[in-house]
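Before any comments, here is the structure.
Throughout, read-outs are computed from the coordinates displayed, never taken from laboratory work. All of these numbers come straight from a predicted model, not from anything done at the bench. All Cβ positions, glycine included, derive from the backbone under ideal geometry; neighbour counts span all protein chains shown.
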Amino acid sequence: MNIIENIEQEQVAKLTEGKNIPDFKAGDTLKVHTKVKEGDRERIQIYEGVCIARKNDGLNSSFTVRKISFGEGVERVFPLYSPNVAKIEVTRVGKVRRAKLYFLRALRGRSARIADDLSAQNKKNAD
């Protein structure tokens, strides 16, 4: 078991060499810069939404981002250490009391908003 964990840690270190992965949790609004390949060209597309779930599982870690696109809720699961994820930006820090925010799927409009966690933003700005 220990050998597998060591190999996994080496792979995580190799994949995060040039990247800066910020600390974020469920409830935070994120901008995920993803690499999109179209034919022989490659570009970066930004996917912005609320992180509703985070799965910490070593190399298999992932997070789910939900946004409203043309009145329809769209969710996308991103592997945390994927080479297709170029950058992750935290735009707002949300104040939530749950680890998984699946209840947001049933809410619409104003009731689906998440309050800002001003204490976390002030701490982040002080650093």
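Table for the structure above
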{"item": "Rough spin-label spacing in nm, given labels placed 7 Å along Cα→Cβ, for V36 and N20", "result": "2.6"}
{"item": "Chymotrypsin sites (Phe, Trp or Tyr not before Pro) restricted to DSSP loop in segment 33-121 with at most 16 other C-beta within 10 Å", "result": "F70"}
{"item": "D_trans [Stokes-Einstein, Kirkwood Rh over alpha-carbon pairs] for segment 27-104, 10 °C, 1.306 mPa s, µm² s⁻¹", "result": "119"}
{"item": "Which listed pairs, of K37/K123; K35/K55; K19/K55, have C-alpha distances above 30 Å, in listed order", "result": "K37/K123"}
{"item": "Euclidean distance of C-alpha centroids, segment 88-127 and segment 25-51, integer Å", "result": "19"}
{"item": "Ascending count of other beta-carbon atoms within 10 Å, so fewest first, for T64, T91", "result": "T91, T64"}
{"item": "Difference of contour (0.36 nm per residue) and Cα-Cα distance, T91 to E48", "result": "14.6 nm"}
{"item": "Cβ crowding within 10 Å averaged over residues, with 106-119, 24-37 ranked highest first", "result": "24-37, 106-119"}
{"item": "For the chain, calculated [θ]222 nm from helices alone, where every DSSP H run of n ≥ 4 adds -39500 (n - 2.57)", "result": "-5500 deg cm²/dmol"}
